[in-house]
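> My structure is below; once you've seen it, I'll send some questions.
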């Protein structure tokens, strides 16, 4: 192999290394999309000389976790539950010391026609997130089971691929009702709040953020620390989330 080829290969190797050190890939729950977009803008504003390229992938936390298990390149996860991060921890993909919980959410029933009580959902077409893949679906199912309603209405449920799809189904009038995250209430245009669901009937929706072990570096750690900052907390609360 001649000297020119060796120099070229060294240059490509150096370029690739430099790019990876200045790029952060975030895999995030779709319910955090507006938040993540604002966090990235604010981080770049506060750190103009870092020259970081952010790549973001949004979806249901369970689906995103499976992508990582199948080798998807990700630096930081921002999931809408603790379960999916714990599953990655059990596989030694994430270390316990690299998991934080900063915010939580609530769930709310939305639709068009008022209900006197939750039992009147029987016979109505309802959108819910798909349990096991969509944390919102897990919280919704847990609530409906605890009020003794899930088995009665499950044949009238449309299960969706992520939390945003539940919101869209209701807003577009394709279903009668749906259970969404509380932070989405501010975005309602067509439907309205029907019931704010009792929070003692479902697990508190705590969001978990983590760095993947194999991609941990100073760049990722700096942004990860920013996710816990006061400025980040202002962004969370502005978008309807509550601080733990």
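> Please count how many residues of segment 59-69 are touching a helix residue (DSSP H, G or I) at 6+ places or on another chain (Cβ under 8 Å) and in contact (Cβ under 8 Å) with a residue 60 or more places away in the chain.
The total comes to 5.
> Determine, yes or no, whether residue 152 is assigned to a helix (DSSP H, G or I) and out of contact with any helix residue (DSSP H, G or I) (no Cβ under 8 Å at 6 or more places or on another chain). It would help to see each step written out before you state the result.
Details: assigned to a helix (DSSP H, G or I): yes; out of contact with any helix residue (DSSP H, G or I) (no Cβ under 8 Å at 6 or more places or on another chain): yes.
Yes: the conditions hold for residue 152.
Read-outs: derived from the displayed coordinates by stated rules, not from any lab. Please read these numbers as outputs of a predicted model, since none were measured by experiment. Glycine also receives a Cβ, built like all others from the backbone with ideal geometry; neighbour counts cover every protein chain displayed.
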